[in-house]
Amino acid sequence: MTRWIGWLLGIDNVAAIDEIDASFAAPWAAEGPFWVFLGAAALVALALVFYLRYQVKGPIGPRFSLGVCRGLLLALLLLTLADPVLRLTIVNKQMPYLYLVFDGTDSMAIEDELPDAQRTALQAAVAYQPASSPGRSTARVASRIEYVQALLRKEQNNLLKQLTADQQVQIEAFLFDGNTTSQLRKLSLSPSGRGGVDPAHLADQLTTKGQVTALGSVVYEAGQQFGSARLAGVVVFSDFAHNSGLAPLGSGDESPAGRLRAPIYAVGVGATEAVDLAVDLQTDPKMKKAERSSVLVKLRQSGLVGQSVTVSVTARALSGESAGQTEQIVVGQRTIALTNPVETIDLPFTPEASGRFEFVATAEKLDGEVVEQNNRALRQVNIIDDYLRLMYVASEPTWEWRFIKEVFHRDKLVGMQGFRTFLGSSDPRVRESNVLFLPTLTPQRSEFFANDVLFLGDMPRSALSDRFCEMTKEYVSKLGGGLVVISGPRFGPRELQQTPLAEMLPVMLDPQAELRTAPARPEFRLRLTAHASRYPFMQLGTGDVENAKAWDNLGPLPWYQPVAAKHPDADVLAEHPTDRCADGQTPQPLIAIRKYGKGEVVYLGFNETWRLRKRYGEKYYRQFWSQLIYRLGMSHALGSDKRFVARVDQQQYRAEEKVTLTVEAYDENYEPLADERLPDRGLLAELVIPGPGGGQTTNLTVPMLRQGVFEARIPVFAVGEYSLRVKDPITGQFDEQRFEVTPLSAERRRGVRDEKLQNDLARQTGGRAYDLTTVGNLPQDLKLEPVVQRQTRNKALWSTPLWFAVVVVLMLGEWLSRKMLKLS
């Protein structure tokens, strides 16, 4: 009955009607609906008068009925002019969508070397008919995409025909190959494009031109397609070798797979095991000259158990005191037997020179390896003959100030030279005579911007000059400096209100907030948030148990400085267990961090971390501050090296790609370098192209993109190792960048299917995982049901079949009745 009512109202697939509300859309009728009904009643009355008074032929009963029909017909015409609208809240059933997404990247062109039994089973499952290549006695090995095409063209038990057999699902097909602005390129299902599915036509559109597999973007865009509200599932045919962009899986609903809100049926293509050896090189991004460090080489192997491999690690200077020397530094060489899936080699290394160095780890190619590009790994490391420069600004010495100073005076990367402080309460004569103290809060720009991390303790607003605030803002946002704001009990962060520093903080300040301290407020223990696990400086132990023990050592805190709220771009790492912000919902942040421009700002709502020393001495206290300083200070160029920084956007390219060189350049006073000061209106650079005899050198000019930033895009064609040297116009020295151009894409760096990611995608989204031999079970596993949707619609009554039927019935009924009564 409900379906018939829906049809009469012009609505398909109605399962239920919850609410009905009528109104008039015509302005004249909407303003006075009473007069519309009064007019309709008058027309009915007029029709009755006509038939009862002026039509005297026939019995009175039929004449009365004719009057009612004529009156209702006239009333309907009047109501049509009033444009009656029904507001319906309906529940209807829609045909679900099923997306077929095919991997169109270069890895799908890999021809897997499979065991005979496995290859035979695969060929039988997809009905693949191997063909012999000219000049070869054996059949050519099929690529992954060819197996998928064979599956689509299969005559018996065709997958697509089974999916569309009962016409209860709407199929859409996509290819991801990175050749459009969108990750997904829609495929036509038939040559005419007018409906129906032609499996052979779909198979012919599959290609392998893509260079990266960005599964996170693919999953995200699947949820943005038309019809995604009725999406019942996404069937992905891929080797799941994710190697670019956002990870498809993550925590909660914020990951692409979580936002999709539909099951993923992951069809794995390609071998899960292959003879392969991959080299990974791990070092600290910065090393200290003459200090012993470690270079870690990790070997990941499959199918090579029992074999031995020789691994060598070398280094070469790119800049610094050894730049220009051609000889390589031998870090170490080891021969190791492969017994585990992952083997680790630890090579000790003591740098003898400073500058930027390129470390290369190389493993010999072993028999049976199909992909050898991943037998080599590169990493650039800055070796410093310098120290981290820490500047601590406070009104007066505190326990926090004292212990931070002691910790970093003994740190090899800071030392006695690296820690300087400005104390507002110190005697001016002490500032002038003691090298530990800075004589002024605002030294010369060249000295101020050479700092690596800035600590801002408890300071009154009157002591913070506008020049200091502006320089700090520029230091963090443009030069990537680190700022740590430590609240104190005397002044608090509200003193930063109305200064440029306020907008940099991870919290929103409350100028009216008062210090919350015992005994007015009870002591409390801070509570770590879920974000804390992503920041190494918040992990004080080797596991969750030790980390909890370390933070518990902080004990009950007697006070903290409240704020209005956290900044939208910030991560809160520790919070108050009970107190809330102004919204009454968000806990008060105690430790928070946010990116600001190129740098980062850390906020502490108390200055009591020295309590971490209570039971275990410096162990956890040093770990917290050392890791925090490492994050803020070691993530960018140190000291004066921040003045001229060149970088390329990748370390490895394919032939015919373009290298993007970016240089951030400042003058002696850290003012952005302008091209007016440069003879060629740009920076001079040299590109060494690999080739016989040491290669060919080409001179380049790097034009200015904007003041202080120079950029050039350089096409590369020859395969090999390149050197790109940019001249600093201030010092005359060259900053060298090295990169590699390979004939293989990122898709070829790993020769196997990522079965773990495939299974995780299916499991976490409620789908299932298959391979090409089991995907035939997909139609039975889908169990697709119509999508039930609750919608509110406004329906014009005069355009519905119901309205048309009533008008026709009244007109014909009156006409027939008049004929039967022989009325003129």
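Give the value in nm², to one decimal: projected area of the alpha carbon convex hull of the chain, averaged over all directions.
Its average projected convex-hull area is 53.9 nm².
At a Förster distance of 22 Å, what's the computed FRET efficiency of A124 paired with R763, Cβ-Cβ distance as r, to 0.05?
Result of the calculation: an efficiency of 0.20.
Relative contact order (percent) for the chain, with alpha-carbon contacts under 8 angstrom and 6 or more residues of separation?
14 percent
Just the number, please: Stokes-Einstein D of region 385-537 in µm²/s, Kirkwood Rh from C-alpha pairs, 37 °C, 0.692 mPa s.
Calculated translational D: 194 µm²/s.
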With 0.36 nm assigned to each residue of separation and the Cα-Cα distance removed, Y535 to Q696 gains 53.5 nm
One checks the Cα atoms of region 31-131 and finds Rg and Dmax, in Å, of 36.4, 100
Net charge near L483 (other residues with Cβ under 10 Å of its Cβ; Lys, Arg +1; Asp, Glu -1) is 0
Distance in Å, no decimals, from the C-alpha centre of region 719-783 to the one of region 22-77 is 75 Å
If the chain between E406 and A520 were fully extended at 0.36 nm per residue, the gain over the current Cα-Cα distance would be 37.7 nm
On each of the three principal axes the extent of the alpha-carbon atoms of region 580-625, given in whole Å and largest first, is 39, 31, 13
Projected onto their principal axes, the Cα atoms of region 535-668 stretch, largest extent first, over whole-Å spans of 59, 38, 36
Under a 1.4 Å probe, counting only protein heavy atoms, T120 has an accessible area in Å², nearest 10, of 90 Å²
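Where does the charge balance sit around R185 when Lys and Arg score +1, Asp and Glu -1, over other residues with C-beta under 15 Å from its C-beta?
-3
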Largest first and rounded to whole Å, the semi-axes √(5λ) derived from the alpha carbon gyration tensor of region 700-753 read 31, 13, 11
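I need the calculated FRET efficiency for the pair Q444 and K186, taking r as the beta carbon distance and R₀ as 45 Å, to the nearest 0.05.
0.15
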Rounded to the angstrom and largest first, Cα extents along the principal axes for region 271-313 equal 45, 20, 11
Between the modelled labels at T774 and R259 (7 Å from Cα along Cα→Cβ) the distance in nm is 3.1 nm
Relative contact order in percent for region 670-786 (Cα pairs under 8 Å, 6+ apart) equals 18 percent
With all protein chains present, region 571-705 has a carbon and sulfur share of its accessible area (1.4 Å probe) in percent of 47 percent
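Roughly speaking, what % of Cα-Cα pairs in region 666-726 are separated by over 19 Å, rounded to a whole number?
Values: 732 of 1830 pairs.
I get 40 percent for the Cα pairs in region 666-726 exceeding 19 Å.
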Projecting the Cα atoms of V279, G258, A247 onto the charge dipole of region 228-287, where Lys and Arg contribute +1 and Asp and Glu -1 at Cβ, the residue farthest towards the positive end is G258
Hits for the chain under the membrane-span-like helix rule (DSSP H, Cα axial span at least 27 Å, Kyte-Doolittle mean at least -0.5) are 60-81, 801-821
In whole percents, the bins of 5 Å from zero upward hold the Cα-Cα pairs of region 481-575 as 2, 11, 18, 22, 19, 16, 8, 2, 0
Bridge orientation stat for the chain from DSSP, antiparallel percent rounded to 5, came to 70 percent
Output for region 689-728: chymotrypsin sites (Phe, Trp or Tyr not before Pro) sitting in coil per DSSP, at most 14 other Cβ within 10 Å, listed by number, reads F717
From the Cα centre of region 192-213 to that of region 561-601, the distance in Å is 49 Å
Of the convex hull drawn through the C-alpha atoms of region 270-426, the volume per residue in Å³ is 163 Å³
Between Q307 and Q156, Cβ-based FRET efficiency (R0 56 Å, step 0.05) works out to 0.80
With 0.36 nm assigned to each residue of separation and the Cα-Cα distance removed, E113 to R580 gains 162.0 nm
All alpha-carbon distances of region 635-754, grouped into 10 Å bins from 0, give the whole-percent distribution 13, 41, 28, 14, 4, 0
Share of accessible surface on carbon and sulfur in region 709-769, whole %, 1.4 Å probe and ligands ignored, is 45 percent
P(r) of region 712-785 over all Cα-Cα pairs, 5 Å bins starting at 0, rounded to whole percent, reads 3, 10, 12, 12, 10, 8, 7, 8, 8, 8, 6, 4, 3, 2, 0
Kirkwood-based Rg/Rh on the Cα set of region 358-399 evaluates to 1.48
Computed over region 333-453, protein heavy atoms only, probe 1.4 angstrom, the accessible area per residue in square angstrom equals 46 Å²
The computed P(r) of region 150-293 puts the percent of Cα pairs beyond 20 Å at 59 percent
Residue by residue through region 653-662, the couplings from Karplus 6.51 cos²θ - 1.76 cosθ + 1.60 with θ = phi - 60°, in Hz, x for Gly and Pro, are 10, 9, 4, 6, 7, 10, 8, 9, 9, 10
So the carbon and sulfur contribution to the accessible area of region 344-389, 1.4 Å probe, in percent, is 41 percent
Cα convex hull volume per residue for region 609-697, in Å³, equals 199 Å³
With Rg from the Cα atoms and Rh as the Kirkwood inverse mean 1/r over Cα pairs, region 172-225 has an Rg/Rh of 0.99
Among K161/K756; K289/K549; K288/K727; K478/K549; K405/K473; K286/K614, the pairs whose Cα-Cα distance exceeds 27 Å are K161/K756; K289/K549; K478/K549; K286/K614
Projected onto the charge dipole of the chain (unit charges on the beta-carbon of Lys, Arg, Asp and Glu, signs +1, +1, -1, -1), the Cα from G233, F644, V601 with the largest positive-side position is that of G233
Here the alpha-carbon Rg of region 484-530 over 2.2 N^0.38 Å rounds to 1.33
Per the helix-only model, the chain has a calculated mean residue ellipticity at 222 nm (DSSP H runs of ≥4, -39500 (n - 2.57) each, divided over all residues, rounded to the nearest 500) of -7000 deg cm²/dmol
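Hey, can you find the accessible area per residue of region 701-786 for me, probe 1.4 Å, expressed in square angstrom?
Value for region 701-786: 49 Å² per residue.
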Once Lys and Arg are counted +1 and Asp and Glu -1 for all other residues with Cβ under 9 Å from that of Y596, the total becomes +1
Taking Cα pairs closer than 8 Å and at least 6 residues apart, the relative contact order of region 371-426 in percent is 43 percent
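The values are calculated or read from the model by the stated rules, or taken from the named source; none is laboratory data. Values in this document were obtained by computation on a predicted structure and should not be read as measured data. Quick reminder, even Gly has a Cβ in these numbers, built from the backbone with ideal geometry, and neighbours come from all protein chains shown. What goes into the accessible areas is simple: the full protein's heavy atoms, side chains included, and nothing from ligands, DNA or RNA. Shrake-Rupley method; radii C 1.70, N 1.55, O 1.52, S 1.80 Å.
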